[in-house]
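So the structure is just underneath, and the comments pick up after that.
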Amino acid sequence: MKVSELRQAYLEYFRSKDHKVFSSDSLVPIGDASLLFTGAGMNQFKPYFLGLKKDLKRATSCQKCLRTADLDRVGKTAYHHTFFEMLGNFSFGDYFKNEAIAWGWEFVTKVLKLSEKKLWVSVYQDDDEAFGIWKNKIGVPESKIVRLGADDNFWPANAPKDGPNGPCGPCSEIYVGEVPGKGVEIWNLVFTQFDRRDGGDLVPLPQKNIDTGMGLERTASVLQGVESNFDIDTFQEMRKELKKFVKKNREERADENAVMDHIRASVFAIADGVVPSNEGRGYVIRKLVRIGSDRFEKAGAERGHFHELVPVVARVMGSAYPEIAKRQKEIQDVVKNEENSYAEILRVQVPKIKESFSQTKKNTAAGTDEYAKIAFKFYDTYGLPYDLISEAAREAGLEIDKNLFDEQMDAQRKLSRENSKIAGEIFKKSDLYDLTEGIPSTRFTGYSGTQGKGRFLRILKDNAVVLAANEGDVCVFISDETPFYAESGGQIGDAGQITGPGFEIEIIDTQHHEKIVLHQGKVKKGLVQTGKACELRVDAERRSDIMNNHTGTHLLHAALRKILGEHVKQSGSLVAPDYLRFDFTHFKAVDPESLSKVETLVNEQIQKNTKLSKELMSKDKAMNVGAVAFFGEKYGDEVRVVSIGDFSKEFCGGTHLESTGQISYFKIISESSIQAGVRRIEAVTGRWAEQKLKDESGEWAALSREFGSSQEPEKLLQAIRSSSERVKNLQNELTTKTVVKMRGVYEENFKKASHVGRVRLFVKRERLASPDLFQKTFGYMKDFQEPFVVLWQCGGQEKVTFAVGASDDLVSKGFHSGKIVKAISQIVEGNGGGRPEYAVGGGKRADRSDEAVTFGEKMITESLLRFH
C-alpha cells in the first residue's frame with residue numbers, strides 16, 4: 001500500500017465512523033504561542049479537548065508535524081524524522097475506550113490486512129479496563145497484552161509522578177511483531193480521562209476524550225515490507241533524485257537519509273511561512289538547511305546544490321499538499337539563499353575558529369573545557385558542522401573533548417525543549433469560554449452599512465458577567481447582531497457608539513472570541529442592562545479610511561507579486577485608519593525603481609475605478625479559482641473571496657470599498673526589513689495620502705530655500721548631495737583629529753582601569769561622542785597588549801547610546817558584546833546588538849543611563865568571572 005493510499009484509507013475509514021475529516025493544520029500553530037511548531041494531530045483541537053467548544057464530537061486528520069528534539073538521530077535510525085505525518089482520530093466527550101480499541105483493531109486487521117499473529121498490544125500497568133477490552137472483547141490472547149509503566153504508556157510520560165498538571169491519561173499501543181515486547185509501534189491510543197492536580201492526584205474528567213496517533217511513514221514501512229521509513233515509496237523517489245548529485249556512492253546511507261528528511265522539513269516549514277533567521281522557528285529552519293547542506297556533501301554530492309532537491313519534494317508531496325507545489329520556486333529560492341549564506345559563513349568563520357584554537361593553545365592555562373566551549377560556540381552560533389570544527393582543532397594540534405561538547409549540546413537541547421513545549425500546565429483554560437458560554441454567534445451586518453439595531457445578550461465587567469453597567473463603567477458588551485467589525489485578518493476593530501433609551505456607550509475597540517463579537521467601551525451616560533434594545537453606529541469616517549487601506553493592501557499585494565515575482569507572500573499586515581502596513585517574503589531590499597513601479601501600478605488600478613466583487617464559496621473552489629490565502633489565518637469550509645477584476649483575488653472577511661476609485665490616491669512612505677527574508681512596506685491612502693503630498697510639497701519648497709536651489713528635482717538633489725558630502729568630509733576630519741587626541745588620554749586611563757581577573761574593564765562616559773568615534777577608538781585599542789572589555793556611553797536628555805568592545809582572546813572564549821549591549825539597551829527601552837567583538841545599542845530613556853551602565857558593568861564582570 002502506497003503512502004497516498006494509506007493516508008486516504010485512514011481518513012475514509014473514520015469518515016465512515018461519523019468523524020469529520022479535517023485538513024492538516026499549519027506547521028506554525030495559529031493562536032498558540034505555547035508551541036514552536038505543530039508536533040501532534042491534537043494541537044488544532046485543543047478547545048474541544050477542554051470542552052470549551054462543543055460543536056464537534058468526532059474528528060480525524062492527517063497532520064503534518066515537525067519535531068527537532070532528536071535531530072542528531074535523524075538518518076541514523078530507521079524511524080526518526082524531523083518532519084512527519086501523523087494520522088489521528090479524536091473523540092471529544094463522545095466515544096471512549098471500547099470504540100477506540102475496536103476501531104483501531106478493525107482498521108489494522110481488516111483494512112490494512114495485517115495478520116493478528118504478527119500483532120501485540122500494550123496497556124498502562126493499572127488500566128484494567130483497557131486490558132479487559134483487548135482480552136475479552138477483541139480476543140487478543142493475554143500473552144500478547146503487555147502492561148507497561150507510566151514512562152511508556154501514560155500521556156504525558158510519567159505525568160502521575162512528575163506532572164505537569166492538566167488533562168492526562170493512560171495509553172494503549174499497537175505493535176507489529178510476533179514476539180511481545182519486540183517490534184514496531186504503529187498506533188498509540190490515548191485515553192484522556194484524568195485531570196492531574198498538585199501532589200499527583202488524578203481526578204476523573206467530566207468529559208473523557210480520545211486522542212490517537214498513527215505514524216504515516218512508519219506504518220507505510222510495515223505495509224511495504226521495507227527496512228526503514230526511508231525506503232517507502234515517497235522516499236524512494238526522493239533518493240533516486242538525490243543519487244543524481246552523488247558522485248561517490250557509499251554503503252552507509254545515514255547522510256542520504258538525513259538529507260531527504262531535512263529538505264522535506266525545510267520545504268514544508270517554508271511553505272507555511274517560516275523563513276530562516278536567528279530566532280525561534282526561523283532558527284530551526286536555518287539549522288535544518290545548514291545541516292542538510294553538510295550532510296548533502298558528506299553523502300558524496302557537491303556542496304551548493306541542496307536546494308535543487310526542492311522540486312522532487314514538491315512532486316512527491318504536492319498532490320496531498322498543493323501549497324508546496326504552488327510555492328515551489330519561492331521555497332527553492334529561500335533554501336538557495338540560505339545555502340549561499342551558509343557557504344559565506346564557512347568561508348569567513350573557518351579561518352576564525354582555527355585562529356581561536358591557535359590563540360587558546362598559546363595560553364598554557366587553557367584546558368580541554370576551553371576547547372569544547374570554543375567548539376560549541378562556533379557550532380551553535382555560526383552553524384559550523386562538528387566534523388569541520390574537529391578537523392580545525394586537529395590542525396591546531398588539539399583534541400576536543402566530545403563528552404564536554406555533548407554536555408553543552410544537552411543543555412542547549414533541554415533549553416530548546418523547554419522553549420518549544422506547552423508551557424506550564426498542558427492547557428490553560430481561557431476565561432472567555434466561561435464568560436460567553438451559551439451565547440449564540442453574533443450576526444454581522446457591517447458589510448452593507450455602518451448602522452444597525454440589536455439587543456444586549458451579555459455584559460462583562462472585570463472578568464465577570466454583570467446584569468447592568470453604570471455611567472463610567474468600562475465593559476464588554478455583546479449583542480445579538482452588530483455592524484461593528486471585530487479585529488481580524490490584520491484589520492483593526494471598529495469604533496463608534498451604542499445608544500438606547502437613556503444611555504450612551506462610547507465603543508473604543510471591537511474584538512471577537514470565536515464567532516462572538518465583543519464591543520469594548522465606556523458608558524458615557526445612563527444605565528445599560530442585559531436584554532435591552534440598542535442602536536449601534538460605527539464611526540463612518542474611520543471605517544471609510546480603514547476600507548481605503550484594506551482595499552489598498554490587496555492592490556499592494558498584487559502589485560508586489562507582479563513587479564517582484566510570485567514568490568512574494570503576505571506574512572503579516574495591519575490595516576488601520578491612518579495607514580497600512582504590509583509584511584511580505586522577499587530576500588533583499590526593494591530598490592527605489594521597483595517601489596516606484598509598485599506605487600504606479602497601484603495608482604493605475606485606482607484610476608481604473610474597478611468594481612470589487614465579494615463572493616462566498618467553498619474553500620476548495622476558492623483555491624481552484626486562484627484566490628490567495630493570507631498567512632496566519634484559519635479558514636472554514638466556506639470562505640469569502642474579494643476580487644478586484646483580474647488584478648487581485650484573495651480570501652478575505654474584512655470590509656472593503658465598492659470600487660478602487662474611492663481610494664483616490666495611494667502612496668508608499670517606507671520600505672524596510674523586519675527579519676531575514678521578510679520586508680515591510682508602510683503606505684497611506686485617500687485623505688491621508690493627499691495630506692502626505694501636501695506635506696512633502698511644503699518640505700520640498702523649504703529644502704529649495706535652504707540649499708539655495710531651484711525646485712527642479714535634479715538640481716535640488718545635487719545641491720543636497722554636495723552639502724552632504726562636505727558635512728561628511730568635515731565629520732571624518734573631526735573624528736580623525738579627535739581619535740588622535742583621545743589616544744594618549746585613553747592609553748593613560750587604560751592603565752588605571754580596574755581588573756576582573758586578568759582582564760581590564762574600561763568604562764567611559766563621553767557626552768558628545770558618537771558611535772562612529774567609539775568604533776574608530778576601539779580599532780586602536782585592539783593594539784593594547786592586555787585582554788580588555790570597554791563599555792562606552794554617550795547621549796543627551798532624549799537619547800542614550802552604548803557600545804561594548806572586547807579583545808579577540810576574550811571573544812574566542814565565548815564573550816559576546818552583542819548580548820551585553822542588547823541587555824543594557826532594554827533598560828533604556830531600546831534595542832541593540834552586533835558582533836561578539838563589538839556592538840552598539842541604545843534607547844530613549846536617557847534618565848536610566850546610569851542604571852544601565854551599572855547593570856552592564858555587573859553583567860560584563862559576571863561573564864569574565866566565568867572564564868577564570
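How about region 229-242: which of its residues are open to solvent by less than 10 Å² (accessible area, probe 1.4 Å) and polar (S, T, N, Q)? Spell out the reasoning first.
Of all residues in region 229-242, those open to solvent by less than 10 Å² (accessible area, probe 1.4 Å) come to 229-230, 232, 235, 238, 242.
Scanning region 229-242 gives a single hit, 229.
Please tell me if residue 544 is at pLDDT 95 or above, polar (S, T, N, Q) and open to solvent by less than 20 Å² (accessible area, probe 1.4 Å).
So residue 544 fails the test.
Can you confirm whether region 94-115 contains a residue that is more than 26 Å from residue 10 (Cβ to Cβ) and either free of Cβ contacts under 8 Å to residues at least 12 places away in the same chain or polar (S, T, N, Q) (or both)?
No, region 94-115 has no match at all.
Which residues, counting only those in region 57-80, are of a type in the set (Lys, Arg) and either at pLDDT below 90 or crowded, with 22+ Cβ neighbours inside 10 Å (or both)?
Initially, region 57-80 is screened for residues of a type in the set (Lys, Arg), giving 57-58, 64, 67, 73, 76.
Passing the criteria: 64, 73, 76.
Being assigned to a helix (DSSP H, G or I), surrounded by fewer than 18 Cβ atoms within 10 Å (Cβ to Cβ) and modelled with pLDDT of 70 or more narrows it down to one residue among 714, 696; which is it?
Only one candidate qualifies: 696.
Restricting attention to region 86-104, does a residue exist that is modelled with pLDDT of 90 or more, open to solvent by 40 Å² or more (accessible area, probe 1.4 Å) and of a type in the set (Asp, Glu)?
Checked against the condition, which is being modelled with pLDDT of 90 or more, open to solvent by 40 Å² or more (accessible area, probe 1.4 Å) and of a type in the set (Asp, Glu), region 86-104 yields at least one hit.
Run residue 139 past the list (1) more than 40 Å from the chain's Cα centre (by Cα); (2) at negative phi and report the number of the one that doesn't hold.
Among (1) more than 40 Å from the chain's Cα centre (by Cα); (2) at negative phi, residue 139 violates only (2).
Between residues in region 549-564 that are in contact (Cβ under 8 Å) with a residue 24 or more places away in the chain and residues that are among the small types (Gly, Ala, Ser) and assigned to a helix (DSSP H, G or I), which pairs lie under 7 Å by C-beta distance while being six or more apart or on different chains?
Close Cβ pairs satisfying both conditions: 563/594; 564/594.
Conditions (1) in contact with a helix residue (DSSP H, G or I) (Cβ under 8 Å, 6 or more places away or on another chain); (2) surrounded by 22 or more Cβ atoms within 10 Å (Cβ to Cβ), marked per residue:
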site: 480; (1), (2): no, no
site: 500; (1), (2): no, no
site: 504; (1), (2): no, no
site: 513; (1), (2): yes, no
site: 524; (1), (2): no, no
site: 538; (1), (2): no, yes
site: 560; (1), (2): yes, yes
site: 570; (1), (2): yes, yes
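Can you list residue pairs whose Cβ atoms sit under 6 Å apart, with the first residue in region 472-501 being farther than 15 Å from residue 577 by Cα and the second being of a type in the set (Phe, Trp, Tyr) and at pLDDT 95 or above? Count only pairs 6 or more apart in sequence or on different chains.
479/456
Evaluate the following for residue 810: is it over 26 Å from residue 349 (Cβ atoms), in contact (Cβ under 8 Å) with a residue 12 or more places away in the chain and either touching a Gly at 6+ places or on another chain (Cβ under 9 Å) or open to solvent by less than 10 Å² (accessible area, probe 1.4 Å) (or both)?
no
Anything in region 218-249 that is in contact (Cβ under 8 Å) with a residue 40 or more places away in the chain, more than 29 Å from the chain's Cα centre (by Cα) and more than 18 Å from residue 306 (Cα to Cα)? List them, or say none.
219, 220, 221, 222, 223, 224, 227, 228, 232, 233
Exactly one condition in (1) over 36 Å from the mean Cα position of the chain (by Cα); (2) not in a helix (DSSP H, G or I) is not met by residue 132; state its number.
Result: residue 132 passes all but (2).
Give region 759-804 a look and list any residue that's part of a loop (DSSP other than H, G, I, E, B), surrounded by 15 or more Cβ atoms within 10 Å (Cβ to Cβ) and at pLDDT below 85, or say none.
766, 769, 770, 784, 799
Please go through region 580-607 and give me each residue that is closer than 19 Å to residue 659 by Cα and touching a strand residue (DSSP E or B) at 6+ places or on another chain (Cβ under 8 Å), ordered by number.
Correct list: 580, 599, 602, 603, 605, 606.
State which residue is nearest to residue 206 (Cα to Cα) when the search covers only region 1-54 and only residues that are of a type in the set (Val, Ile, Thr) and crowded, with 22+ Cβ neighbours inside 10 Å.
For region 1-54, the residue satisfying everything is 38.
The values are calculated or read from the model by the stated rules, or taken from the named source; none is laboratory data. Bear in mind that the values here come from a model prediction, so they are computed numbers and not experimental data. Every residue, glycine as well, gets a Cβ built from its backbone with ideal geometry; the counts of neighbours run over all protein chains shown. Note: areas computed on protein heavy atoms with side chains; ligands, DNA, RNA excluded. Shrake-Rupley method; radii C 1.70, N 1.55, O 1.52, S 1.80 Å.
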